[in-house]
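For reference, the structure is listed below as structure tokens.
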Amino acid sequence: VTDDPAPETIRYRADAVVTVDGAGAVHRPGVLDVAGDRIAWVGPAADAPPFDGPLQSLGGLLMPGFVNTHAHTPMTLLRGAGDGLPLIRWLHEAIWPREARMSGEDARWGMLLGCDELLRCGVTTTCEQYAHNRAVADAALEAGIRCVLTPGIFEFPGGEPEDSWQYFLAEAEALYDEYDGRDGLLTVGFGPHSSYMLPPEALPAIAEAAAARDALVQIHLAETANEDDGLRAAHGCSAPELLSRLGLLDCRVLAAHSVWLSDADLDLYRRHDVAVAHCPSSNAKLGSGVARLTDMLARGIRVGLGTDSPASNDRLDVWEEMRLAGLLARAVTVESTHVTTAQALHLATRGGAEALGLDTGSLEFGRPADFIRVDLADDCWVPDGDDTALLARLVWAASSRLVTDAWVGGRQVVGEGKCLTVDAAEARREVDGRAARLDTGPEKPS
Ligand SMILES: [Zn+2]
């Protein structure tokens with residue numbers, strides 16, 4: 001209930017508007033009207049309704065902002081740490097010792113620097129799982145990025161109350177009550193880390209807490225070939241089967257990675273409408289494998305793209321994930337008709353939003369005004385052609401270097417290639433100094 005007058009409408013006119021709506025409409029030239037944080041009209045410039053309000057003639061190409069469905073963005077603090085180590089040694093020797101020294105203020109600066117990179121790459125939504133959740137949430141709100149925060153839930157071997165899954169679950173519930181819906185930008189879910197970092201009895205309790213709030217549950221699943229060897233020995237089934245038995249798949253589940261799945265596991269995903277955060281760069285860089293994207297799409301499984309952490313990618317660029325997802329799918333299936341241009345674009349935008357349960361990722365009436373401007377004055381667009389050719393250049397030839405502007409919920413957060421909400425020079429200085437301390441320094445200084 002509000003007495004506010006109707007928000008002023010701003011009209012944006014561009015040489016091309018790529019909608020990623022159900023029909024894949026492209027308007028050249030096109031118009032996008034934004035009222036407050038929502039899209040009020042979109043279509044061909046010639047059909048636009050009469051308008052005498054503020055008009056911005058942007059030129060270039062407007063499209064939905066990219067959606068990152070899996071990230072641990074504060075790990076900009078750990079970029080490059082332990083590069084080249086095998087996964088388990090990388091975690092034990094490079095990542096966990098540094099994270100043990102990390103403070104909330106460290107995580108805040110790591111998140112701010114990461115948001116600068118995400119927004120400048122045209123990523124307007126990010127789904128995050130990490131610790132120091134209040135610091136991460138506050139930094140996301142400060143940067144003005146749309147964020148689905150799924151606080152990490154783990155069980156650590158310390159034996160202290162603060163090492164238990166019950167402690168992390170209670171923290172996540174408190175965070176939900178405090179932050180869910182904040183500024184119209186933040187959504188809170190639950191982030192049980194994985195079936196191998198939690199005892200089985202934790203999962204029904206997490207499922208119950210999430211279901212009571214209809215909240216998203218994000219979990220790492222089937223990332224490496226042998227991660228569930230222990231589970232198989234103890235329970236005689238795959239990790240997805242165990243999660244199904246324990247009731248977790250009855251929630252709204254987003255399964256990150258999902259590389260090592262059998263046909264039966266994929267069928268289980270479909271039956272429970274489990275969504276996938278596909279992370280091709282991270283899986284390739286850490287030598288984890290290539291997820292069965294073509295088989296997922298053929299089954300109608302909801303799939304979005306994720307960068308994973310900047311310590312394991314090492315970029316926060318969903319545009320690159322879009323291109324790589326398509327290339328790898330075609331390479332492993334030896335079939336150039338697999339993952340079409342339209343499918344690749346869908347994965348990176350609307351598909352990601354659907355995987356997260358959001359209505360962003362496409363430019364349509366009534367949806368959040370999360371959009372980016374892409375420069376069309378670049379060699380990669382030549383030769384020009386029809387709409388199909390334009391989309392092919394967008395997916396396969398262009399890249400995030402051409403993103404000049406970005407808006408989240410109608411608010412401009414990137415202009416002329418610069419993030420307007422984060423002081424990038426300050427964030428770089430802070431992260432540089434803090435990373436040096438995390439390499440060798442004492443635990444959690446104030
Ligand atoms: Zn991850």
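The values are calculated or read from the model by the stated rules, or taken from the named source; none is laboratory data. Values in this document were obtained by computation on a predicted structure and should not be read as measured data. Virtual Cβ from ideal backbone geometry, glycine too; neighbours counted across all protein chains shown. Just the protein is used for accessible areas: all its heavy atoms, side chains included, with ligands, DNA and RNA removed. Shrake-Rupley method; radii C 1.70, N 1.55, O 1.52, S 1.80 Å.
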* Confirm whether residue 20 is in contact with a helix residue (DSSP H, G or I) (Cβ under 7 Å, 6 or more places away or on another chain) and either among the aliphatic types (A, V, I, L, M) or assigned to a loop (DSSP other than H, G, I, E, B) (or both). => yes
* To do: May I ask you to list the residues in the stretch 331-353 that are of a type in the set (D, E, K, R) and more than 14 Å from residue 65 (Cα to Cα)?
  => 335
* Asked: If you go through the stretch 147-157 one residue at a time, do you hit one that is within 16 Å of the ligand (Cβ to nearest atom) and surrounded by fewer than 18 Cβ atoms within 10 Å (Cβ to Cβ)?
  -> yes
* Structure fact -> Residue set 315, 323, 330; condition at pLDDT 95 or above, in a loop (DSSP other than H, G, I, E, B) and open to solvent by 40 Å² or more (accessible area, probe 1.4 Å); output residue 315
* **Matching option when the condition is touching a residue at least 40 places away in the same chain (Cβ under 8 Å) and either of a type outside the set (Ser, Thr, Tyr) or open to solvent by 40 Å² or more (accessible area, probe 1.4 Å) (or both), among 91, 119** => 119
* Would you say residue 352 is in a helix (DSSP H, G or I), within 16 Å of the ligand (Cβ to nearest atom) and at pLDDT 95 or above? -> yes
* If you check residue 184 against the conditions, is it touching a residue at least 60 places away in the same chain (Cβ under 8 Å) and open to solvent by 40 Å² or more (accessible area, probe 1.4 Å)? -> yes
* Filter the strands (runs of 3 or more DSSP E) completely within the stretch 23-84 down to those with at least 2 residues that are within 16 Å of the ligand (Cβ to nearest atom). => 66-71
* Asked: Before we move on, is residue 370 surrounded by fewer than 24 Cβ atoms within 10 Å (Cβ to Cβ) and charged (D, E, K, R)?
  -> no
